[in-house]
Amino acid sequence: MIYTQSPLAIGLFCFFVLFVLGLSFYMSRRTQSAEGYYAAGGNIHWFTNGVAFAGDYLSAASFLGICGMIATAGYDGWMYSIGYLAGWIVALFLVAEPMKRLGKYTFTDALDSKFNSKSIQLMAAISTLLVSVFYLIPQMVGAGVLVQPLLGLPHWVGVCIVGIVVTIIVATAGMASTTYVQFFKGALLLIMSTVVVIAVLFRGLSTTPENNGQPYHDFKTLHADSALVLTEEGYTTVAGLDSELGKAGFVKLEKDGQETIWHLVKADTGYTLEEALFVTKMADGTKLFNGAPAEEGKFFPVGHIKELRMNGEEVTATGAVGPFAYLSALKDSTIVLWGKKYVKQGDKTLTIYYQKPTPGSRVLRPGLKFKVDNATGLQKFNFMSLMLALFCGTAALPHILIRYYTVPSQAAARKSTIVAIAAIGFFYILTLFLGMGAMTNGVINITDNNMSAPLLALSFGVVLFAIISSLAFATVLGTVSGLIVAASGAIAHDLMDNFMGMKMTDRGKVRAGKISAIVIGCIAIYLGIVFEGMNVSFLVGWAFAVAASANLPAILMLLFWSKTTARGVAASILVGLISSLGLILVSPDMWVRYGKLPAEAPVQFNSPALISIPLSFLALVIISMMTQKDVIKGHSAERA
Amino acid sequence: MGHGPAVKLGKDKAATYKTRLGVKMFIVYTLVYATFVILNTTNPKVMESIIFGQTAAVIWGFSLIVLALVMAVIYNRLCTNAEEQMNS
């Protein structure tokens, strides 16, 4: 895909960056004390904090990853939205008020509030750091993905811009500036996403999607007999039924010097040939798109409806429709999704994207990405494990939990969570329309679906694209700020101040936090460059699994089981961390990254939560029962 | 050791009531969510059936999101009432 840089987009991007930097310098006056730096003085209004929660939570994974996944896999992408939102119920009903009551700057404070235990301080700080780093990498990679179409700069420059800007934000004003950056970003993201969805509904559905005045590529269909003799003239067969391509269900044809690949579909009397897209990876690593370098623009955006039905009749366009009529028409129509196959041709590797016409009712129910139809026990286990991780992960994410310390009371903590649920729930409803809009408006870059939402905006004109892309970049800035505050708190407050017992003045604690933020910022830049090309939602799912396994059992048992001991809490975090990380490292997805076949992986599931969360609970119960003598009378865990 | 909240909090006599209410409401939502996940896992074709002109999966998704907000508002209302009565 070729993107043209717009001066408006560049101008808006610069405005956002300068705005957040200006805000940080203004806020830096409020961060002379440790309370100011780590908890924004504890006096943020609950509504501001609630929207900032949404800003923190709606990261690159939500805005770019989920919309992209819905655009290519339909309802399965929306399952992430449903799971992520359900996690806020755990946060509201079980965690919000106790976290506010027990903690000070970090979630380690809350865990350690009754014990003053070195092992809890160490384990919780390590867990915070690991989860934050897992979460940081995809955000930084997302930044790199965004700057290419937005500013025309290479991936590493985008990562460096985010790293430097965020480190300045955090190092100048800590949680105060981070909160207001999140507030503005969260509010703008909701408003502008609503604008795009309204535009999608006004445009309605069509079998010939518009794309900012560009005609949608006419994907051709040819016909041939069983010997592959074409009824259409002018085509010469380059690779036929006996070739490697033919064995994989494709043929390569040539016409007017242009080579094309076609998907073979068995028909009553021979074959139907459907035009496909293909990427050729040469032996030296260079890539050709539909047989030509990317600059020649021969690789087309995709996403269209094959048969559009509205109120029982086949139509070519619906005109403006309401949200439910939009989904209903999609359900009754046939949508062209895109399958992917790899074919080896000598020292070249072809990645072929072929059309898969799919009933809308099938797209709007689970099963296209997650294997649930006729699934094996292990595949069902994998799906349930992922949904458990999403449900349990939210209330265990350190950068979310520290936001409870920025409000003045428990009631404010509760109310800000409700504002977050309203804002995030509304946004996740919008993601369904953003994703389905991209799926049917001919905007998807099939080689990288992360850009689906910004490219959908581009189909309405460059102004909307500029605003949405800049906001997406601000999304990354905001989430990375929150993560760096959480991680710097783990180092400066939990490790240096509490665990090592370094006696620091209030100003010294702030200085330690700022230096930690700079160090973590540098590490984040490095990791963002190293992990270029990784799917942005890939590590986020794992971050949820690790957080849910390491942190949530400890938090819940501390609150609801009076026999919980310090060693039990530390053991629970340790077992949760080791089991979740260990299972991830031997999972099929990681096996592919090691260059091995996924079927050879020691475990055959990718989501560890259904094993690691129970293990973490079990470790806490067993170790607590073994160490009951440690319980100091009168220090029993908080009861209901 | 720097523990305790960043701002001074008064004693909350409604804490016990709020915690019990939170647990009950958590159990209700968890059961609905678990039913959704189990249905998707064991009988995914049911999610393709049509209810009110939409697939059952879409209705379930919207319902889970709206239910979360409705339960959150009810929880807040009950907690606020309890705080006003018990802490006054």
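Overview of results
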{"read-out": "Meets criteria (of a type in the set (Phe, Trp, Tyr) and in contact with a strand residue (DSSP E or B) (Cβ under 8 Å, 6 or more places away or on another chain)) for residue A:216", "value": "yes"}
{"read-out": "Failed item in (1) touching a Leu at 6+ places or on another chain (Cβ under 6 Å); (2) in contact (Cβ under 8 Å) with a residue 60 or more places away in the chain, with residue A:100 passing the rest", "value": "(1)"}
{"read-out": "Restricting segment A:435-453 to residues that are within 15 Å of the chain's Cα centre (by Cα) and either buried (at least 24 other Cβ atoms within 10 Å of the Cβ) or within 14 Å of chain B (Cβ to nearest Cβ) (or both), the residue that is modelled with the highest pLDDT", "value": "A:435"}
{"read-out": "Exclusive hit being at pLDDT 85 or above, outside any loop (DSSP other than H, G, I, E, B), aliphatic (A, V, I, L, M) and within 16 Å of residue A:232 (Cα to Cα), set A:264, A:288", "value": "A:264"}
{"read-out": "Residue check for residue A:611: under 22 Å from residue A:398 (Cβ atoms) and either basic (Lys, Arg) or assigned to a helix (DSSP H, G or I) (or both)", "value": "no"}
{"read-out": "Listing of helices (runs of 4 or more DSSP H) fully contained in segment A:380-489 that carry 2 or more residues being out of contact with any Leu (no Cβ under 9 Å at 6 or more places or on another chain) and assigned by TED's automatic domain parsing to the domain that holds residue A:163", "value": "A:398-401, A:410-440, A:462-489"}
{"read-out": "Breaking point among (1) exposed (fewer than 15 other Cβ atoms within 10 Å of the Cβ); (2) away from chain B (no Cβ under 12 Å), for residue A:312", "value": "(2)"}
{"read-out": "Close pairs from segment B:17-28: first facing chain A (nearest Cβ under 7 Å), partner surrounded by fewer than 19 Cβ atoms within 10 Å (Cβ to Cβ), Cβ under 6 Å, at least 6 apart", "value": "B:19/A:640; B:20/A:640"}
{"read-out": "Scan of segment A:39-61 for residues that are of a type in the set (Ser, Thr, Tyr) and more than 14 Å from chain B (Cβ to nearest Cβ), ordered by number", "value": "A:48, A:59"}
{"read-out": "Test: residue in segment A:281-288 that is surrounded by fewer than 19 Cβ atoms within 10 Å (Cβ to Cβ) and under 30 Å from residue A:328 (Cβ atoms)", "value": "no"}
{"read-out": "Lone unmet requirement of (1) surrounded by fewer than 22 Cβ atoms within 10 Å (Cβ to Cβ); (2) touching a residue at least 24 places away in the same chain (Cβ under 8 Å); (3) among the polar types (S, T, N, Q) for residue A:132", "value": "(1)"}
{"read-out": "Which numbered condition residue B:36 fails, given (1) surrounded by fewer than 18 Cβ atoms within 10 Å (Cβ to Cβ); (2) more than 7 Å from chain A (Cβ to nearest Cβ)", "value": "(1)"}
{"read-out": "In segment B:39-55, the residues that are assigned to a helix (DSSP H, G or I) and either within 18 Å of residue A:425 (Cα to Cα) or facing chain A (nearest Cβ under 7 Å) (or both)", "value": "B:40, B:41, B:44, B:47, B:48"}
{"read-out": "Qualifying residue in segment A:407-421 (condition: under 30 Å from residue A:604 (Cα atoms) and more than 20 Å from the chain's Cα centre (by Cα))", "value": "no"}
{"read-out": "Residue among A:408, A:398 that is more than 10 Å from every other protein chain (Cβ to nearest Cβ), in contact with a helix residue (DSSP H, G or I) (Cβ under 8 Å, 6 or more places away or on another chain), in contact (Cβ under 8 Å) with a residue 12 or more places away in the chain and under 30 Å from residue A:110 (Cβ atoms)", "value": "A:398"}
{"read-out": "Segment B:75-84, subset in contact (Cβ under 8 Å) with a residue 12 or more places away in the chain and more than 7 Å from every other protein chain (Cβ to nearest Cβ), residue surrounded by the most Cβ atoms within 10 Å (Cβ to Cβ)", "value": "B:82"}
{"read-out": "Selection count where residues are among the charged types (D, E, K, R), buried (at least 24 other Cβ atoms within 10 Å of the Cβ) and at pLDDT 90 or above, scope segment A:60-115", "value": "0"}
{"read-out": "Test result for residue A:529, modelled with pLDDT of 80 or more, under 24 Å from the mean Cα position of the chain (by Cα) and either surrounded by fewer than 24 Cβ atoms within 10 Å (Cβ to Cβ) or of a type in the set (Phe, Trp, Tyr) (or both)", "value": "yes"}
{"read-out": "Of residues in segment A:359-376 being in a loop (DSSP other than H, G, I, E, B) and facing chain B (nearest Cβ under 7 Å), the one surrounded by the fewest Cβ atoms within 10 Å (Cβ to Cβ)", "value": "A:373"}
{"read-out": "Check on residue A:340, buried (at least 21 other Cβ atoms within 10 Å of the Cβ) and of a type in the set (Lys, Arg)", "value": "no"}
{"read-out": "Residues located in segment A:116-145, provided they are under 26 Å from the mean Cα position of the chain (by Cα), small (Gly, Ala, Ser) and either outside any helix (DSSP H, G or I) or modelled with pLDDT of 85 or more (or both)", "value": "A:124, A:125, A:127, A:132"}
{"read-out": "Single match in A:572, A:562, A:580 (criterion: polar (S, T, N, Q), surrounded by fewer than 22 Cβ atoms within 10 Å (Cβ to Cβ) and under 27 Å from residue A:400 (Cα atoms))", "value": "A:562"}
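The values are calculated or read from the model by the stated rules, or taken from the named source; none is laboratory data. Because the structure is a prediction, the values reported are computed rather than measured. Reconstructed Cβ throughout: ideal geometry from the backbone, glycine too, with neighbour counts over all protein chains shown.
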